[in-house]
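Working notes for the structure below.
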Amino acid sequence: MADPQAVRTARRDLGQQLAALRKAKQLSQQDLADQTIYSRSSIANIETGLQPVNRTFWEAVDALLGAEDELVQGYDAIEDLRRAHPRPIRRTRQDPPEDLVAPAAANDPSLPFAMSRSKGTSSSPIEQLAGLSFETPVPKSIDWVDVDHVRFVTRSFAISENTFGGGFSGQAAAAQLRHSSLLLHSRASSEVRLKIFEAVGNLGGVVGFSAFDVGDYNSARKCFDFELWCAENAKSWTLKASALSDMARLAIYLGETDDALSLIELAQVRSDRLTASLRAMLGAMRARLLALHGRHGEALAEIDRSDEQFAAIDRDNEPPWMSYYDEAEHQGSTGRALIPIAMKTGSPALVAARMRRAICLHDKDHPRSRAFSRTRLASLTMKIGNPREAAELGWQSVEDASTVRSSRLRIELERLAAISAPHRKIPEVGDLIQEISVPNQTSLER
């Protein structure tokens, strides 16, 4: 029998081989993740030998890196070692005897819908779906593949939330969170247990933001509390800091700025454990809170430090939940932090430079973020700048928002309409106010 340690050593050596080939091609871990179904953190675990993966993965990266089956051969050698040290196969009480076949159900889902309906049922297909309950079995034990499944659905829901707003897939994400949370009770190795808590906590944060986006603040608070609890069980200070920042965003929105500042400063207590993107994001949030409290000099100094941290970001060492914090997000966040200072000084120039940069950098997959930046810049310009220029920005925001279901964005636009009221006699401003006040059956409606 082979020593299990030999398998672990071989897996680590293969991971190091992958890292060397990747770097030779000048690819980051994120670049490789983008071309596979795996996350950047999974690529990092594979390269350190912590996370085993199947032959399909090695075939794919062999082709991507032009390794001429070098990695597949390494994987096959590891499998030979594993076969020399097999695990006993255990049948659980839930396994059905192989010779039993379940009888066909009256409403066999394999039959066409009209054929599977019960006799005498007059309800419509939509009414029948109202009582649909689809329960997915929870495995008794989990492994790295389950961690990757949670990470994959989290990325999918985050993309949907960014593109369409929380109103589109929030319920589906909440159902996925309820199911994924049950995995926390399954048996797992110590390493997998930490990572499943981290992955499910990240999903909790995404679901919390969907709830926040549609105005369900109570559900958002519950999700952020859950995210924080998962982070503590995962012993992940980076996820803990992210959860605290999520809670702070909600607190700011609800006018609880003192509590928000306390949450951000708590997240910064162990900044030595945080990555550069987290330090930059937390710095931008703290700057905003300081500016809201009239501490403008401290806010400007905090923005300078945030800019320095952003310049130091190493994407290969960032957690997956910080992938959203790119230059567009940083420029938008720091620009927003400067708004109280611009209002006080009557000079929108510095805010405008950052906001316009954010607007230019937000791609087609982030219409909500682009609409937020445009709307905030439009509101500032309407108040202390050129109303016609502000109206043009406002119309562009309305266009971006037309595909997004977001109560937060709707409220932001309504705020722009209120700020625009003194200039309503300017035709384009009056038309903008009318458009925001009476949306024509668009997704701006709450």
Of all C-alpha pairs within the chain, those more than 44 angstrom apart amount in percent to 24 percent
Everything considered on the Cα gyration tensor (a ≥ b ≥ c; rounded for a/c under 1.5, else prolate if a/b is larger than b/c, else oblate), segment 207-302 must be described as oblate
What the 10 Å binned alpha carbon P(r) of segment 154-264 shows, as percent of pairs per bin from 0, is 16, 45, 31, 7, 0
Of Ala63, Ala276, Ala158, the most mobile residue in a GNM of the chain (C-alpha springs, cutoff 10 Å) is Ala63
Along the dipole axis of the chain (charges at Cβ: +1 for Lys and Arg, -1 for Asp and Glu; origin at the Cα centre), the most positive-end residue among Gly205, Leu244, Leu182 is Leu244
About its Cα centre, the chain carries a charge dipole, from +1 on Lys and Arg Cβ atoms and -1 on Asp and Glu Cβ atoms, whose size in debye to the nearest 20 is 960 debye
With -39,500 (n - 2.57) per DSSP H segment of 4 or more residues and division by the full residue count of the chain, the 222 nm estimate, nearest 500 deg cm²/dmol, is -21500 deg cm²/dmol
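How much of the accessible area of the chain, in percent, comes from carbon and sulfur atoms when a 1.4 Å probe is used?
Answer for the chain is 53 percent, counting heavy atoms of protein chains only.
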GNM on the chain, Cα springs under 10 Å; top mean-square fluctuation among Ala299, Ala44, Ala175 goes to Ala175
Taking alpha-carbon centroids only, segment 169-209 lies from segment 222-244 a number of Å equal to 11 Å
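How many Å² of accessible area per residue for the chain, probe 1.4 Å?
52 Å²
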GNM on the chain, Cα springs under 10 Å; top mean-square fluctuation among Trp58, Trp321, Trp237 goes to Trp58
Residues other than Cys223 with Cβ under 10 Å of its Cβ, Lys/Arg counted +1 and Asp/Glu -1, net out at -2
quick shape note, segment 336-446: Cα extents on principal axes in Å, largest first -> 39, 34, 18
With +1 at each Lys and Arg Cβ and -1 at each Asp and Glu Cβ, the charge dipole magnitude of segment 123-279 around its Cα centre, to the nearest 20 debye, comes out at 460 debye
The farthest towards the positive end of the charge dipole of the chain, of the residues Ser369, Thr9, Ala311, given +1 on Cβ of Lys and Arg and -1 on Cβ of Asp and Glu, is Ser369
Working note, segment 223-270: Cα radius of gyration (Å, one decimal) and Dmax (Å, whole number) are 10.3, 31
Here the relative contact order (percent) of the chain, from C-alpha pairs under 8 Å and at least 6 apart, is 10 percent
To the nearest 20 debye, segment 285-349 has a Cα-centred charge dipole, built from +1 on Lys and Arg Cβ and -1 on Asp and Glu Cβ, of 500 debye
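The values are calculated or read from the model by the stated rules, or taken from the named source; none is laboratory data. Remember, it's a predicted structure, so these values are computed and weren't measured experimentally. When we count neighbours, we look across all protein chains shown, and the Cβ atoms used for this are built from the backbone with ideal geometry, even at glycine. Surface accessibility is based on the protein's heavy atoms, side chains included, excluding ligands, DNA and RNA. Shrake-Rupley method; radii C 1.70, N 1.55, O 1.52, S 1.80 Å.
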